[in-house]
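Heads up: the structure comes next, in structure tokens.
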Amino acid sequence: MNFLRLSSKCKIVNKCLIHEVVSNFTTNSLALRTGRNLNLNTSLLRVSKSTIFHQQNVQLSTSNRRIFFSWKSFFISGTLLALFGGTLLYLKEEKMKKMEKQRKKALGQAAIGGKFDLIDHNGKRFTSYDLEGKWVLLYFGFTHCPDVCPDELEKLINAVEIIEGNKNADQIQPVFITVDPDRDDVAAVREYIQEFSPKFIGLTGTKEQINQATRSYRVYYSAGPRDHENDYIVDHTIITYLIDPEGNMVDYYGQTKTAEDVANGVVKSMQKYRKMNSRLGFL
């Protein structure tokens, strides 16, 4: 009887021990798994933080490189633009000097041509400023000239007509200035130029005004002795001057030149002028 009770107690004790062992094993396994999961999560968190930090460093480095290259490109571009601008300015100044030298080359003198203030064939004030923007063929003469002046004015008008028929030429204005202010008043000049062409502008003025114009163009003139009828001949320079739209004398044509020679010379000067100004416009 006692043996049976003892045996029953032993069975109960064994069951309790087994249950405790199983419970402890389960608890330990769960704890182990939980620890592993925690360690894994911690490792993943560290990897994630490391990755994010690396990406931020890469982005920051890329951004810094972009900023560096942007400033570098800006500096290089600015330097190139400055060099280019300086080169253009230098070339433009050289072109201006070349043009000025060519202008002063005519007749081997430094300054041919200039300002004048006269009266036109309609009795109105006419100055050199009224010719700005135009090509001009200018001749100095006098209305009582027996042969030379009529021949030269006829040649001048023929040259003008040839020039006007050239599609590569610009418009040109023929101008006559008297060197005989004592006899060539407004009415005399108007009547005289109309014999050649209505395209002419005829100019006269006081002796002082005429002297100013002739000095500007280095024109010589001198009245000869008077005859019994108080008539006289004026000796003067026989030259036709070509003036560009800026008022500069760029060429001249003597008595030996034909109308074709004058027209060809004028057209060449016009083309050269356009070429130079187109280059300066580009610069």
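The values are calculated or read from the model by the stated rules, or taken from the named source; none is laboratory data. All values derive from a computational prediction rather than experimental measurement. Neighbour counts run over all protein chains shown; Cβ positions are idealised from the backbone, glycine included.
Pull up the range 166-196, narrow it to residues that are surrounded by fewer than 20 Cβ atoms within 10 Å (Cβ to Cβ) and among the charged types (D, E, K, R), then point me to the one that is modelled with the lowest pLDDT.
Per the stated criteria, the residue is 167.
So which residues in the range 192-206 are part of a helix (DSSP H, G or I) and either touching a residue at least 24 places away in the same chain (Cβ under 8 Å) or of a type in the set (A, V, I, L, M) (or both), if there are any at all?
192, 193
Can you report the number of residues in the range 253-283 which are surrounded by 19 or more Cβ atoms within 10 Å (Cβ to Cβ) and under 22 Å from residue 221 (Cβ atoms)?
Here the count works out to 2.
Within the set of pairs 6+ apart or on separate chains, which have a first residue in the range 160-181 that is closer than 22 Å to residue 140 by Cβ, a second that is charged (D, E, K, R) and at pLDDT 95 or above, and C-beta atoms under 6 Å apart?
Pairs found: 173/134; 174/199; 178/184; 181/207.
Looking at (1) over 19 Å from residue 154 (Cβ atoms); (2) acidic (Asp, Glu); (3) touching a strand residue (DSSP E or B) at 6+ places or on another chain (Cβ under 9 Å), can you tell me which one residue 231 breaks?
Status for residue 231: all satisfied but (3).
Considering only residues that are surrounded by fewer than 22 Cβ atoms within 10 Å (Cβ to Cβ) and assigned to a helix (DSSP H, G or I), which ones fall in the range 153-165?
154, 155, 157, 158, 161, 162, 164
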